[in-house]
Amino acid sequence: MSGASLARIGALLLALAALQWLAPLALNPYYVTILARIGIAITAAVSLQLVNGFTGQFSIGHAGFMALGAYSSAAFSVYLGAAVLDSLGGGGLVRLVYFPFPLICGGLVAALAGLVVAVPALRLRGDYLAIATLGAGEIIRIAILNIDAVGGARGFSLASSAYPSVDLRFDSLAGVYGVAVLTIAAIARLVYSGGGLAFRAVREDEIAAESLGVPTTRVKVEAFLVSSFFAGVAGALFAHTEGYIHTNSFSFVRSFELVAFVVLGGLGSLSGAVLAATVLTALPEVLRGLGEWRMILYSLLLITTMIVRPQGLLGQRELLPLPWSAHRGARRAGRGAA
Amino acid sequence: MENLLQQLLNGVTWGSIYALIALGYTMVYGVLRLINFAHGEVYMMGAMSGFYTAHWLGFARAPSVTGLVVVLVASMLVCGLLGAAIERIAYRPLRGAGRLAPLITAIGVSLLLQNAGQLVFGADPKFFPPLLQSHEVFRAGEVAVSNIQLTVLVTALLLMGALEYIVQRTRFGRAMRAVSYDAPAAALMGVPVDRVISGTFVLGSMLAAAAGILVGLSNPKIDPLMGLMPGLKAFVAAVLGGIGSVPGAMVGGLLLGVIETLVTGYLSSTYRDAIAFVILVVILLFRPTGLFGAPTTEKV
């Protein structure tokens, strides 16, 4: 590892530490919650960008995978984690080591569902695929709504009745943004690598890609798998920062919101997804002073931005030359093919 | 058996409302290849404008058939204009800008109407005035047919008949079919594509408004968010019948209504919302173009 990249990682850790300790000092808890929500929105948006923006498949059921991640990780924590944390004493270090586990659990369950949805659904193209993912997302949500072990229609609280003293919430900003950065890094490495050209080849022209030997079905399934994994992680983060989840948070309205993040940011731009997720999550809060008018202004802004910039805020550009995407040449080639 | 017949009747009534909404989705998809996610909100606006017209014109206090007809026509006019305005403002500027940008503006318009609705009409439910005194008109054994069910069915059928006439027999209908078949070629033949698209939105929105009024009659609780679920399910109905196909939307709507009612009646009401989506996924996997859609081939 070169000195430059070590320095970057050091700077990143420093920034996360600053976020962790300074934000709660400088801001009231309400803003800290909003910051956490932005981090989660970024994670989810970037994960959806892989499927919608880079692979050109249109999924509008992403909230279903978030729901699976949220509920499975919450169940993991309530039915297993609480006992473990209780027996280990639940100190700071123990919690730090523990919390990746429910996140990974949520991610894996969502990835499995992604696979189950993707394999049959990817026979479909364009609008039909979009509609199928929408249906799959709603089916997942309603199925969870009917499972009593995770609260059903009452919603699911992250508190174990057997170990009421154990705190299962995890509201560390450094944790949330650490996961967001890891997600961006993972997906950037994936799509801006030589092999990542396959995703963009499928997006530009599936038939041409197929005829050049790109295993299109496998590429699409891979994209779905990775994307639903990170969506699940985002859902798990959501569950553990909020401490209470309800299937209403994961309806098709949420899926549409995620689609708005990637299209408004610019399909095929990770920084665009980050930017749009940040702006669109913060905007309703910034406009809160307007009271009832805020969601009206929000939707008007969404419409006008889309009309003024139909290609999205950033198009297919990246705002920063992402340091971890060393393959700049491949990126240019990808754009040249467009 | 009687119970089954009664359920079927209820299902067909409910399904004819889905069918009216589904027609708007399918026609717009036909001419623009756009899933107009704001359509459910047009249906909500139909119910709302019916509510206010009935109150302003005094029909809410004195129920009558004339009142119903006036309210129906008024709300169809309002929503026809609304549909044209939505198309003009949110979709036309994006013509030729790919297909995803208009999808997002559709979501934006949907959000806008929901929130403006909550601001203007208030977020709490309203009760649609009883424009018809509910009574039984017909009974065979245990199966009862109310005048409201009959009105819903007859109105829906009349409207669908009118639509079928417009689409198949008029100049506008021919232009609409031409645009749906091949828009650039239709433009070269002198079809005013923009005006046809506008007219399609007007027609679809008028049908959605009628659906809103009919729902108000049979299920009087209306609120600004009432368009979300029925909108989405009517869309499922359109896909079930074959998106882009007018008879498909009618059959799809009726089928979906019947299936939903049967599931609620005989299985469990908690799965009522899921069943529409299960049907959706199954139909997409086995017959993606729906019951009436023509399969497309991809040219290289």
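The values are calculated or read from the model by the stated rules, or taken from the named source; none is laboratory data. Keep in mind that this is a model prediction, so the values were computed, not measured. As a convention, Cβ positions derive from the backbone with ideal geometry for all residues, glycine included, and neighbour counts pool all protein chains shown.
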**Request:** For the range A:231-264, enumerate the residues that are away from chain B (no Cβ under 13 Å) and surrounded by fewer than 24 Cβ atoms within 10 Å (Cβ to Cβ).
**Result:** A:Thr241, A:Glu242, A:Gly243, A:Tyr244, A:His246, A:Ser249
**Residues located in the range A:54-76, provided they are under 12 Å from A:Val117 (Cβ atoms), over 12 Å from the mean Cα position of the chain (by Cα) and either away from every other protein chain (no Cβ under 14 Å) or among the hydroxyl-bearing types (Ser, Thr, Tyr) (or both)** = A:Ser59, A:Leu68
**Item:** Sole exception among (1) in a helix (DSSP H, G or I); (2) over 23 Å from B:Leu232 (Cα atoms); (3) away from chain A (no Cβ under 14 Å) for B:Ser49, by number
**Value:** (2)
**Prompt:** Out of all the residues in the range B:91-109, which are at pLDDT below 95 and among the aliphatic types (A, V, I, L, M)?
**Reply:** B:Leu94, B:Ala97, B:Leu100, B:Ala101, B:Leu103, B:Ile104, B:Ala106, B:Ile107
**Asked** For the range B:208-300, list the helices (runs of 4 or more DSSP H) that sit wholly inside it and hold at least 2 residues that are surrounded by fewer than 21 Cβ atoms within 10 Å (Cβ to Cβ) and touching a Leu at 6+ places or on another chain (Cβ under 9 Å); which are they?
**Response** B:246-266, B:272-286
**Message:** Quick check on this structure: which one of A:Leu313, A:Leu267 is of a type in the set (A, V, I, L, M, F, W, C) and either more than 18 Å from B:Pro102 (Cα to Cα) or facing another protein chain (nearest Cβ under 9 Å) (or both)?
**Reply:** A:Leu267
**Item:** Per-region count, the range A:136-192, residues of a type in the set (Gly, Ala, Ser) and touching an Asp or Glu at 6+ places or on another chain (Cβ under 9 Å)
**Value:** 5
**Request:** Sort out for me the helices (runs of 4 or more DSSP H) sitting completely within the range A:68-170 that have 1 or more residues that are in contact with a Phe, Trp or Tyr (Cβ under 6 Å, 6 or more places away or on another chain), touching a residue at least 12 places away in the same chain (Cβ under 8 Å) and among the charged types (D, E, K, R).
**Result:** A:82-88, A:126-145
**Prompt:** Failed condition for A:Thr55, given (1) surrounded by 24 or more Cβ atoms within 10 Å (Cβ to Cβ); (2) polar (S, T, N, Q); (3) under 30 Å from A:Ala162 (Cα atoms), with all others met?
**Reply:** (3)
**Checklist (1) away from every other protein chain (no Cβ under 14 Å); (2) not in a helix (DSSP H, G or I) applied to B:Ser75, failing item** = (2)
**Complete:** Per the filter on the range A:110-155, residues among the small types (Gly, Ala, Ser), buried (at least 20 other Cβ atoms within 10 Å of the Cβ) and facing chain B (nearest Cβ under 9 Å) are A:Ala121, A:Ala130, A:Ala132, A:Gly135, A:Ala136, A:Gly137
**Request:** Kindly check whether there is at least one residue in the range B:140-149 that is assigned to a helix (DSSP H, G or I) and within 14 Å of another protein chain (Cβ to nearest Cβ).
**Result:** no
**Asked** Based on what the data block shows, is B:Phe128 at pLDDT 90 or above, more than 9 Å from chain A (Cβ to nearest Cβ) and crowded, with 22+ Cβ neighbours inside 10 Å?
**Response** yes
**Request:** Please give the number of the condition A:Ala185 fails out of (1) touching a Phe, Trp or Tyr at 6+ places or on another chain (Cβ under 6 Å); (2) part of a loop (DSSP other than H, G, I, E, B).
**Result:** (2)
**Prompt:** Which of the following residues is within 19 Å of the chain's Cα centre (by Cα), in a helix (DSSP H, G or I) and among the β-branched types (Val, Ile, Thr): A:Val202, A:Val253, A:Val219?
**Reply:** A:Val253
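Table: residues versus (1) polar (S, T, N, Q); (2) closer than 17 Å to B:Leu23 by Cα.
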site: B:His135; (1), (2): no, no
site: B:Leu163; (1), (2): no, yes
site: B:Thr170; (1), (2): yes, no
site: B:Val179; (1), (2): no, yes
